[in-house]
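Remarks on the structure that follows.
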Amino acid sequence: MWYMHEGMGWWMVFGGAWMIIFWGGLIALIVWGITKLSGRSDSTPKRDPLDVAKERYAKGEISREEFEQLKKDLY
């Protein structure tokens with residue numbers, strides 16, 4: 001009767017580990033769901049290189065000759 005709880009040590013370690021895995025997974029699932037529902041994404045939309053060259057030409061960052069050369073090089 002005095003040694004009733006002697007073998008419980010390992011089960012308590014496994015129980016604690018499972019509890020951490022469960023709550024960690026639940027929190028990760030909630031964060032993932034909120035991210036998906038909010039419509040936010042980490043990836044930026046892909047832009048065409050010619051569009052970037054057009055923007056740079058419009059801003060005055062490159063000259064007409066550089067723009068024409070870029071256009072030839074790209075297509």
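The values are calculated or read from the model by the stated rules, or taken from the named source; none is laboratory data. Everything numeric in this text was worked out from a predicted model, so none of it was measured. For neighbour counting, all protein chains shown are included, and Cβ atoms are generated from backbone atoms with ideal geometry for every residue, glycine included.
Couple of notes before you dig in:
- When segment 46-66 is limited to residues that are assigned to a helix (DSSP H, G or I) and aliphatic (A, V, I, L, M), the one that is farthest from the chain's Cα centre (by Cα) turns out to be Ala58.
- Being hydroxyl-bearing (Ser, Thr, Tyr) and at pLDDT below 85 is not true of Thr35.
- When each of Asp51, Asp42 is tested for being loosely packed, with under 10 Cβ neighbours inside 10 Å, among the acidic types (Asp, Glu) and at pLDDT 90 or above, the lone residue that passes is Asp51.
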